[in-house]
Amino acid sequence: MSNTEITFNAEAMATVQTIIARYPEGKHKSAMLPILHVAQAEFDGWLSSEVMDYVASILNIKPIEVYEVASFYTMFNLKPVGKCLLEVCRTSSCWIRGAEDVVKHIEKRLGITEGETSADGMFTLKTVECLGSCGTAPMLMCGSQFHENLTLEKVDTLLDNLKKENKRKTYFDDVVIDGY
């Protein structure tokens, strides 16, 4: 993939320009996190080095500055992931209330282990640190949606519904840029 092939579609570029406009001249680097979310949503759910270079060029910063941020935050994927990234909270409240069983159930159901993608490319399973929903544990996040108070039955229903929908889910799905 050459850098010339990497461009945002018109809608994504308009979103990027709206995000950049929120910051004073000389402070556009502050727009990096939301722009990386746009990029990840636009380019198949992950950030290749070419995509990160493209973001750096838009922000007029060095590519290493983008690499540092993208590699620090676990919400950014630096390798391909399935259409639906299932992020299961693994911290205390969720683990005590059954997140380990949820992870094992998903692994068995999809024939993968944590960190892997299903053979059909639909699902990637990831365990993550606290997602801030301790009172509704166990929970997982898929795209921008929290799925809480999980039971194995709820997990099965979720997987079936996601499979039927057959759509990439991103953190950016429910964001309204002007109110972001």
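The values are calculated or read from the model by the stated rules, or taken from the named source; none is laboratory data. Computed from a prediction, not measured in an experiment: that's the story for all the values here. Quick reminder, even Gly has a Cβ in these numbers, built from the backbone with ideal geometry, and neighbours come from all protein chains shown. Protein only, heavy atoms only, side chains kept; ligands, DNA and RNA dropped before computing areas. Shrake-Rupley method; radii C 1.70, N 1.55, O 1.52, S 1.80 Å.
Structure above, values below:
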| quantity | calculated |
| --- | --- |
| Residue list for segment 134-160, filter: within 19 Å of the chain's Cα centre (by Cα) and open to solvent by 10 Å² or more (accessible area, probe 1.4 Å) | Met141, Ser144, Gln145, Phe146, His147, Glu148, Leu158 |
| Members of segment 51-71 found to be surrounded by fewer than 21 Cβ atoms within 10 Å (Cβ to Cβ) and closer than 25 Å to Ser118 by Cα, listed by number | Ser71 |
| Selection count where residues are closer than 23 Å to Asn77 by Cβ and part of a loop (DSSP other than H, G, I, E, B), scope segment 149-159 | 1 |
| Identity of the residue in segment 1-44, of a type in the set (Asp, Glu) and under 21 Å from the mean Cα position of the chain (by Cα), that ends up most open to solvent (accessible area, probe 1.4 Å) | Glu11 |
| Restricting segment 7-31 to residues that are more than 17 Å from Lys62 (Cβ to Cβ) and in a loop (DSSP other than H, G, I, E, B), the residue that is modelled with the lowest pLDDT | Glu25 |
| Selection from segment 88-108 of residues that are farther than 19 Å from Leu158 by Cα and part of a helix (DSSP H, G or I) | Ser92, Ser93, Trp95, Ile96 |
| Residues (hydrophobic (A, V, I, L, M, F, W, C) and surrounded by 14 or more Cβ atoms within 10 Å (Cβ to Cβ)) located in segment 111-129 | Ile112, Met122, Phe123, Leu125, Val128 |
